[in-house]
1. Is there any pair with a first residue in region B:105-128 that is in contact (Cβ under 8 Å) with a residue 60 or more places away in the chain and a second that is part of a loop (DSSP other than H, G, I, E, B) and not aromatic (Phe, Trp, Tyr) whose Cβ atoms are under 6 Å apart and which are 6 or more apart or on different chains, and what are they?
2. Looking at B:Leu67, is it open to solvent by 40 Å² or more (accessible area, probe 1.4 Å), at pLDDT below 95 and aliphatic (A, V, I, L, M)?
3. Taking B:Val75, is it open to solvent by less than 30 Å² (accessible area, probe 1.4 Å), out of contact with any Cys (no Cβ under 9 Å at 6 or more places or on another chain) and within 11 Å of chain A (Cβ to nearest Cβ)?
4. Looking only at region A:219-244, count every residue that is within 11 Å of chain B (Cβ to nearest Cβ), open to solvent by less than 50 Å² (accessible area, probe 1.4 Å) and modelled with pLDDT under 95 and tell me the total.
5. With (1) of a type in the set (D, E, K, R); (2) over 19 Å from A:Leu37 (Cβ atoms); (3) open to solvent by 50 Å² or more (accessible area, probe 1.4 Å); (4) under 20 Å from the mean Cα position of the chain (by Cα) as the list, and A:Arg152 as the residue in question, which single condition is left unmet?
6. Filtering region B:13-31 down to residues that are touching a helix residue (DSSP H, G or I) at 6+ places or on another chain (Cβ under 6 Å) and more than 18 Å from B:Ile73 (Cα to Cα), which residue is nearest to the other protein chains (Cβ to nearest Cβ)?
7. Please pick out the residue among B:Leu59, B:Leu67, B:Leu100, B:Leu93 that is over 27 Å from A:Phe35 (Cβ atoms) and under 20 Å from the mean Cα position of the chain (by Cα).
8. Tell me the helices (runs of 4 or more DSSP H) entirely within region A:168-266 that contain at least 1 residues that are under 30 Å from B:Ala69 (Cβ atoms).
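The values are calculated or read from the model by the stated rules, or taken from the named source; none is laboratory data. Worth saying up front: this structure is predicted, and the values here are computed from it rather than measured. Methodologically, a virtual Cβ is constructed for each residue, glycine included, from the backbone with ideal geometry; neighbour enumeration extends over all protein chains shown. What goes into the accessible areas is simple: the full protein's heavy atoms, side chains included, and nothing from ligands, DNA or RNA. Shrake-Rupley method; radii C 1.70, N 1.55, O 1.52, S 1.80 Å.
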Amino acid sequence: MSALAAETVEMTPILAARGVGHAYGDFLACRDVSFDLYPGEVLGIVGESGSGKTTLLKCLSGHLEPTEGEVGFAVRDGEMRLLGEMGEPERRALARTDWAFVHQNPRDGLRMSVSAGANIGERLMANGHRHYGNIREAALEWLAKVEIDAERIDDLPRTFSGGMQQRLQIARNLVTGPRLVFMDEPTGGLDVSVQARLLDLLRGLVQRLGLSAIVVTHDLAVARLLSTRLMVMQGGRVIEAGLTDQVLEDPQAPYSQLLVSSVLQV
Amino acid sequence: MSVDANTPVLRVSGLTKTFCLHLQDEARIPVFDALGFTLNAGEAVALNGPSGVGKSSFLKLVYGTYLAAAGEIAVMHRGGWVDIANAEPRQVLDIRRETLGYVTQFLRVIPRVPTLDIVAEPLIERGESEEAARARARDLLNRLNIPETLWSLSPLTFSGGEQQRVNIARGFAASFPIMLLDEPTASLDAVNRQTVIDLIGEAVAAGSAVIGIFHSKADREQIASRAFELTPALAA
């Protein structure tokens, strides 16, 4: 394989997992997960409920300390730092700048007691932005990007529909220009029509902003639309990984074959 | 682009593929055993063989959608050989962006994305300006007789024939050194069929190497300079 061809794809991963696992007491929720995520890649993690997807996502995003293995993240100067060796302040700083976490339930990712505009502005202020006019302008710009009417900027999120709340959560997360976005069932619990709109929006944003993302979903259609790569989990382990279309059209493991063949055709 | 005949751009060797259906009594369906094939720059090859012999599977293996059990699928990519059968996902995606085009009769519709954007996307992904990409998209949609009133709509509600032509426009928007064609002319009317044949001819004239499945003998004769026959004996 020529060096020339190899040079054309990004050589340094933005996130690296090595033997990551987590046990709740005696119960190993996920184990032995290793992969590299490169800039611009969207990794889908699929599997049934209880397969360890969300636990893994929490370990990768610093929400949960892995009980085995380690997670590395390439900070802005390119150096790969182990999450486990970072102090709490540094991890918090990453969580509000380079990372974004989109929760399945928007109420977990929004502050329900402050306005839509403040929800977006808060992350900017946490990053040292002080100019009120600029913050409001950024909030308006992001409301437009996620297709929420500018007139709703001063309304509380609780007056929004579920789909709007989810879009507001995405705006709040992306306003600071993160490099890596974690998403936990981002379209779960939404109407199908709202799902399509949100997926199209997410897909467009990820493509335009060149983000890397890790998306946990049990919906293979969501995985197909958003992700470039897939990992299939069962019983806490990754049983298969590869290009999204390859895993979905030529699944190798018995469980992956079951998963793909169980999708209802419409 | 200068075209060197007999310069290989795709080299398949020892390609072996068996489908193992774990859920259906572990049924094993052998498809290829140590298959070899070479495609040279600027040539058009018809992939022939009876139904079920594995013609589409062969193209999907080359595109990386199917996983080879053994063998090598070497693609000339950015001046060097890369083995698709053993490449990392991000390398395969880079190859698909720049080197390998794949056109089928079936459009994968993305909800809410307008037809014009679907056709322009492969060029934009390559870093082409939106203007140039859309100009090329408009030209192709015109040639394939998709009425302009439909361009701003998602093809979700289009007829099967219209979706097929949108997919062909998308497939030919960017030029690729290697093009894999899976029955792009199937079920088209005579006018649109000729347009697709012209598009293939233009791609080959511009230096693309083509391997394709063409149902009709007349199409094969117009497009291909040689044939690659898959036979059950050769395949399994």
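1. Close Cβ pairs satisfying both conditions: B:Gln105/B:Glu183; B:Gln105/B:Ala186.
2. Numbers: open to solvent by 40 Å² or more (accessible area, probe 1.4 Å): yes; at pLDDT below 95: no; aliphatic (A, V, I, L, M): yes.
Spelling it out, it is not the case that B:Leu67 is open to solvent by 40 Å² or more (accessible area, probe 1.4 Å), at pLDDT below 95 and aliphatic (A, V, I, L, M).
3. Criteria met by B:Val75.
4. 4
5. (4)
6. Selected residue: B:His22.
7. Details: B:Leu67 fails: over 27 Å from A:Phe35 (Cβ atoms); B:Leu100 fails: over 27 Å from A:Phe35 (Cβ atoms); B:Leu93 fails: over 27 Å from A:Phe35 (Cβ atoms).
Selected residue: B:Leu59, the only one of B:Leu59, B:Leu67, B:Leu100, B:Leu93 that is over 27 Å from A:Phe35 (Cβ atoms) and under 20 Å from the mean Cα position of the chain (by Cα).
8. Working: elements: A:192-209, A:220-226, A:244-249, A:254-261.
Per the criteria, A:220-226, A:244-249, A:254-261.
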